[in-house]
Amino acid sequence: MEKRLIDVALRHGLNDYIIPKWKAIFSIKDHFENLMGKSVYSVLPGVVENTFKF
């Protein structure tokens, strides 16, 4: 998700709403992670392998 947000910001630029929007997105992500008890990345197929390359 972080890579996608940065990619969009680089292509389209920033405005006054981007930081509050990102904070809201991460707040929603945190909410669901707390409900699930684990990272959302761990339950989405292929995300860990494609995003966090070691």
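Here, each number is a calculation from the coordinates, and none is a lab measurement. Quick caveat, the model's predicted, so the values are computed rather than measured. For neighbour counting, all protein chains shown are included, and Cβ atoms are generated from backbone atoms with ideal geometry for every residue, glycine included.
Just how large is the dipole of the chain about the Cα centre, in debye to the nearest 20, putting +1 at every Lys and Arg Cβ and -1 at every Asp and Glu Cβ?
Charge dipole of the chain: 60 debye, to the nearest 20.
With just the Cα atoms of the chain, tell me how far they stretch along each of the three principal axes, in Å, largest first.
For the chain, the Cα extents along the three principal axes come out at 33, 26, 15 Å.
On a full-extension model of 0.36 nm per residue, what is the gain between Trp22 and Glu49, subtracting their alpha-carbon distance, rounded to one decimal in nm?
That works out to 7.3 nm of additional length.
Calculate for the chain the 222 nm mean residue ellipticity that helices alone would give, adding -39,500 (n - 2.57) per DSSP H run of length 4 or more and normalising by residue count, nearest 500 deg cm²/dmol.
Taken over the chain, the calculation gives -20000 deg cm²/dmol.
For Lys21, go through the aspartates and glutamates and keep the ones whose alpha-carbon is under 19 Å away, minus same-chain ones fewer than eight residues off.
Straight-line reach from Lys21, under 19 Å: Glu2, Asp7, Asp30, Glu33.
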